[in-house]
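Here the structure is laid out as structure tokens; the discussion comes afterwards.
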Amino acid sequence: MSAQAPIRRVTVPQIAARKNDQPIVVLTAYTAPLAALVDDHADVILVGDSLGMVVHGLESTIGVTMEMMILHGQAVMRGSRRAMVVIDMPFGSYEESPEQAFRNCARMMRETGCGAVKLEGGARMADTIRFLTRRGIPVMGHVGLTPQSTLTMGGFKTQGRDQDSWPAHIEDATAVAEAGAFSIVVEGVMEGLADRITEAVPVPTIGIGASARCDGQVLVLDDMLGLSGRVPRFVKKFGDLGPRASAAIAEYAAAVRDRSFPTEEQVYR
């Protein structure tokens, strides 16, 4: 009897090689059970700092800490076996200096075992990304609408509505790619701009509210399953589990109140 081949995780070089190839499937997950569900279908699981809002009820990603990201990153690593796990670096953990970024990114990878980290920012972060990648830290970039900068952007506003701004966004993506990022999330930009960015950079682009012609797509799992409240326009609900979960909870509550639960099948004699 031949031994079953071990399951190997998707690697950074494998994702980088998917430029202009089969689209890359990326989904978020924040817990071990949901990571296990996503693992069979996604190439990359992103432990996004969106967990601050989705899991912890924060108003934005600004309050997310290293400890929160590490805790959820560890859970996702335990729940998955095949997909590459990428973890967001939280606000304030990498902007101060390349040295600060390296210390925190190295801690993130050491304590979680993740495959890569993700940093927001374009040309201004190029030196930091270069510093990290030259020291063995795989980096996924993030340009366009960067949620950690929404206070300076004036909110969650679509980028690139004025074509005069396109060169700056393309320059951001190009600088991130040249600095060594193996892929780049392109969020919340006009479709034409996303297409131009995808054409301009030699690494895969992962779209979210961007273009179907990006090299891959990412969504927040809770949004696409219908477990969130109001969601952005670019989200398609591939499921509507929120109402179904609410109905199940209501049925349970009614069964407790009328003492029809537990029954003989659920008690020990």
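Here the accessible area is traced with a 1.4 Å probe on the protein chains. For the chain, carbon and sulfur cover 54 percent of it. The residue among Ala126, Ala255, Phe182 whose Cα reaches farthest toward the positive pole of the charge dipole of the chain, with charges on the beta-carbon of Lys, Arg, Asp and Glu, is Ala255. Between Glu67 and Arg233, the simple label model (points 7 Å from Cα in the Cβ direction) yields a spacing of 4.0 nm.
Based on a Kirkwood Rh over C-alpha pairs, give the Stokes-Einstein translational diffusion coefficient of the stretch 56-154 at 37 °C and viscosity 0.692 mPa s in µm²/s. Stokes-Einstein gives a translational diffusion coefficient of 236 µm²/s. Each stretch of four or more DSSP H residues adds -39500 (n - 2.57); spread over every residue of the chain, this sum gives -11000 deg cm²/dmol at 222 nm. Each Lys and Arg Cβ is given +1 and each Asp and Glu Cβ -1; about its Cα centre, the stretch 151-254 then shows a dipole of about 420 debye. With all protein chains kept in place, the per residue accessible area of the stretch 124-269 amounts to 57 square angstrom at a probe of 1.4 angstrom.
Give, rounded to the nearest 20 debye, the magnitude of the charge dipole that the chain has about its Cα centre when Lys and Arg contribute +1 at Cβ and Asp and Glu contribute -1 at Cβ. Working shown, then result.
On the way: 27 positive and 31 negative charges, 126 e Å.
For this selection, approximately 600 debye.
What FRET efficiency do you get for Ala106 and Asp164 if R0 is 41 Å and r is their Cβ-Cβ distance, rounded to the nearest 0.05?
0.55
For the options Arg135, Arg124, Arg230, a Gaussian network treatment of the chain with springs between C-alpha atoms closer than 10 Å singles out Arg230 as fluctuating the most. Of the chain, which part is the longest with no GluC sites (Glu not before Pro) in a loop (DSSP not H, G, I, E, B) and with at most 12 other C-beta atoms within 10 angstrom? The reported range is 97-269. Normalise the Debye intensity by I(0) for the stretch 135-238, one equal point scatterer per Cα, no solvent, then take log10 at q = 0.14, 0.15, 0.22 Å⁻¹ and round to two decimals. The Debye formula, applied to the Cα set alone, gives -0.54, -0.62, -1.19. For Gln159, nonlocal amide neighbours, meaning residues 5 or more places apart or on other chains whose placed amide H falls under 5 Å from its own, are Leu145, Val189, Met190. P(r) tail, the chain: Cα-Cα pairs separated by more than 35 Å, 19% of all pairs. Axis of helix 66-79 versus longest Cα principal axis of the chain: the two differ by about 60°, to the nearest ten degrees.
For the stretch 12-239, what is the relative contact order in percent, using Cα pairs closer than 8 Å and at least 6 residues apart in sequence?
On the way: 477 pairs, mean separation 44.3, N = 228.
Relative contact order of the stretch 12-239: 19 percent.
A crude spin-label estimate for the pair Ala36 and Val267, with each label 7 Å from Cα along the Cβ direction, gives 3.0 nm. Each residue, Gln14 and Arg257, gets one label point 7 Å from its Cα in the Cβ direction; the gap between the two is 5.0 nm.
The values are calculated or read from the model by the stated rules, or taken from the named source; none is laboratory data. None of the values given here were measured: they were computed from a predicted structure. Virtual Cβ from ideal backbone geometry, glycine too; neighbours counted across all protein chains shown. The protein model used for the area step is the full one, side chains on, heavy atoms only, and it has no ligands, DNA or RNA in it. Shrake-Rupley method; radii C 1.70, N 1.55, O 1.52, S 1.80 Å.
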